[in-house]
Amino acid sequence: MEKIRKGDSIVVIAGKDVGKKGEVTRVIPEKSRVVVKGINMVKKAEKKSKERPNGGFLEIEAGINRSNVMVNCPKCNKGVRVGILVNEKGERTRVCKKCNHKFD
């Protein structure tokens, strides 16, 4: 089970965007990266095409290593570690390690 999922609110703890908050738009588990809305913006050159007759540069969100982000707990209102709680039926839920708030 991944501890960071699409739609989670996160806080960046390392890199050029330290302290910024955002929402996960995509998770890439093979590369251990997450793409976050408005975080780690990079410029990409775009060739001329019918849609863009002049070409130019696009600003897009690049992936950031998941070790550089923490899930933002709405109860604690800060970045927290996430634990996994297994109930009697074997169902797994993600919980905040500080306040035991359930994310799922």
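Counting only Cβ charges, +1 for Lys and Arg and -1 for Asp and Glu, the dipole size of the chain around its Cα centre is about 140 debye. Close lysine pairs were tallied over the stretch 9-78: pairs 8 or more places apart or on different chains with Cα atoms under 12 Å apart number 4. Checking every one of the trypsin sites (Lys or Arg not before Pro) in the stretch 1-41 against DSSP loop status and a limit of 12 other Cβ atoms within 10 Å picks out K6, K16, K31, K37. Ordered by the number of other Cβ atoms lying within 10 Å of each residue's own Cβ, fewest first, S9, S67 fall into the sequence S67, S9. Rounded to the nearest whole angstrom, the semi-axes of the ellipsoid equivalent to the stretch 9-78, taken from the Cα gyration tensor as √(5λ), stand at 29, 12, 10, largest first.
Where a number appears in this text, it was derived from the coordinates with a stated rule and is not lab data. Keep in mind it's a predicted model, so treat the numbers as computed, not measured. A quick note on method: Cβ atoms are made from the backbone with ideal geometry, for glycine too, and the neighbour counts reach across all protein chains shown.
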